[in-house]
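Here is the structure we will look at.
We did not get these values from a lab; they are worked out from the coordinates using the rules stated. In this text the structure is predicted, and so the values were computed from the model without any measurement. With ideal geometry, Cβ positions are generated from the backbone for all residues, glycine too; neighbour counts draw on all protein chains shown.
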Amino acid sequence: MKAIGITSTAILSLLLGIAVPAYAQHEEQGEKQDHSEQQQQGKHEQAKPEKQQHAQPQQLDQQRPPEQSKPSHQAQQQDRNTEQQHAQQQRQQDRNKEQQQAQKQQDRSKQQQQGQQQQERNKQEQQRAQQQQQDQNKQQQQRVQQQQQDQNRQQQQHAQQQQQDQNRQQQQERVSQQRQQELIQQQQQRLTQYRQQVDQEQARARQQTVELQQQNRRSQYRFQENYLERQRQQQMAFRNDRHHDYQRDPYYYTAPSYRYYRGGSYYETNEYGADMLRQAVNHGYEEGFHTGEADRQDHWRSDYQDSYVYQDANYGYSGYYLAQDDYNYYFREGFRRGYQDGYSSHYEYGRYSNGSYSILDAILSQVLGFQSLR
């Protein structure tokens with residue numbers, strides 16, 4: 001039994017060993033056959049759509065009109081023309097944009113320039129206003145200083161005059177009563193003529209002032225205005241002296257003490273007349289100095305005879321003690337020398353002291369040439 005079982009088992013194993021490889025081989029062949037069939041079927045199916053796809057364009061080409069089957073030369077030319085037009089339009093837009101930007105930049109530059117010009121005009125206007133204000137302030141200060149100087153000078157002269165009068169009353173000889181009356185009558189006539197002439201000179205002074213403005217001589221214009229104002233105040237003071245006491249005035253009863261030479265003739269005067277001649281020279285020098293200085297500041301040519309002050313030559317003259325011709329002559333002698341010093345900014349004939357200009361004593365003696373009669 002045991003042997004039969006072993007034998008049965010061996011036979012069964014042998015059968016199984018033969019059957020398994022055969023079955024495996026058969027299965028492998030079946031798989032290969034199935035795979036081959038699938039490949040052929042896939043190729044057939046793939047070929048079929050390709051044929052269908054190839055057939056479809058042909059059908060579309062057959063159905064499409066001749067114009068749409070292939071782009072024509074005219075359509076290509078139109079496309080190129082369209083592209084060129086687009087390019088030209090783009091370039092034109094770029095140019096327009098650049099021009100607009102350039103115009104905007106130009107407008108901004110123009111606005112900036114106009115703004116700068118306006119600022120410059122405002123600055124110049126402000127400077128002119130400041131200069132005018134400074135000129136007015138300076139003129140006012142000069143007027144006040146000049147008035148103060150005139151008052152101080154008059155006070156000093158008055159004090160000196162009083163002292164001199166006291167000394168002369170004790171020492172000097174008196175003229176006769178007849179001569180005294182003659183001098184008083186001459187004085188009254190001379191005073192009347194002088195005051196009439198002053199009224200006539202005002203028109204000429206206004207004309208001269210207008211000419212200075214037209215010539216743009218600002219410094220000379222300011223000085224002449226100051227001169228006319230001082231002269232006007234001085235004349236008002238002289239006119240208020242309507243009750244002059246000739247009988248007690250020592251000039252009219254004091255005998256001559258000096259002799260001087262002018263215009264080919266000799267003239268005599270006393271100490272009071274000599275003082276008036278000295279004042280004429282000094283007044284002339286001071287006014288001449290300011291006139292020359294103004295012409296220099298205006299860059300005007302040197303010409304002292306063209307000045308109204310030189311032509312007038314009456315500043316400081318009251319109509320008393322001297323003939324107007326005498327006063328005018330010596331005023332101009334001082335003026336000419338003062339003008340030269342003021343125009344050259346160099347003190348050759350005079351000096352500056354205590355706020356005023358005066359001629360040197362040596363030059364004063366040379367100009368007057370007094371000869372003592374005693």
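Computed values, structure above
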| read-out | value |
| --- | --- |
| Considering residues of the stretch 215-225 that are of a type outside the set (Lys, Arg) and crowded, with 18+ Cβ neighbours inside 10 Å only, the residue nearest to the chain's Cα centre (by Cα) | SER219 |
| In the stretch 173-187, the residues that are in contact (Cβ under 8 Å) with a residue 40 or more places away in the chain and in a helix (DSSP H, G or I) | GLN180, LEU183, ILE184, GLN187 |
| Qualifying residue in the stretch 190-205 (condition: within 26 Å of GLN311 (Cα to Cα) and touching a His at 6+ places or on another chain (Cβ under 7 Å)) | no |
| Contacts under 6 angstrom Cβ, first residue in the stretch 128-150 being within 18 Å of GLY316 (Cα to Cα), partner hydroxyl-bearing (Ser, Thr, Tyr), 6 or more apart | GLN149/SER356 |
| Set ALA159, ALA129: member being of a type in the set (A, V, I, L, M, F, W, C), part of a helix (DSSP H, G or I) and under 30 Å from ASN270 (Cβ atoms) | ALA159 |
| Lone qualifier among ARG128, ARG190, ARG218 - being over 30 Å from PHE238 (Cβ atoms), of a type outside the set (Asp, Glu) and touching a Leu at 6+ places or on another chain (Cβ under 9 Å) | ARG218 |
| Single residue of LEU228, LEU277, LEU191, LEU212 found to be in contact (Cβ under 8 Å) with a residue 24 or more places away in the chain, surrounded by 18 or more Cβ atoms within 10 Å (Cβ to Cβ) and either of a type in the set (A, V, I, L, M) or in a loop (DSSP other than H, G, I, E, B) (or both) | LEU277 |
| Within the stretch 313-346, considering residues that are of a type in the set (S, T, N, Q) and outside any loop (DSSP other than H, G, I, E, B), the one surrounded by the most Cβ atoms within 10 Å (Cβ to Cβ) | ASN328 |
| Failed criterion for ARG259 (all others in (1) buried (at least 16 other Cβ atoms within 10 Å of the Cβ); (2) in a strand (DSSP E or B); (3) in contact (Cβ under 8 Å) with a residue 60 or more places away in the chain hold) | (1) |
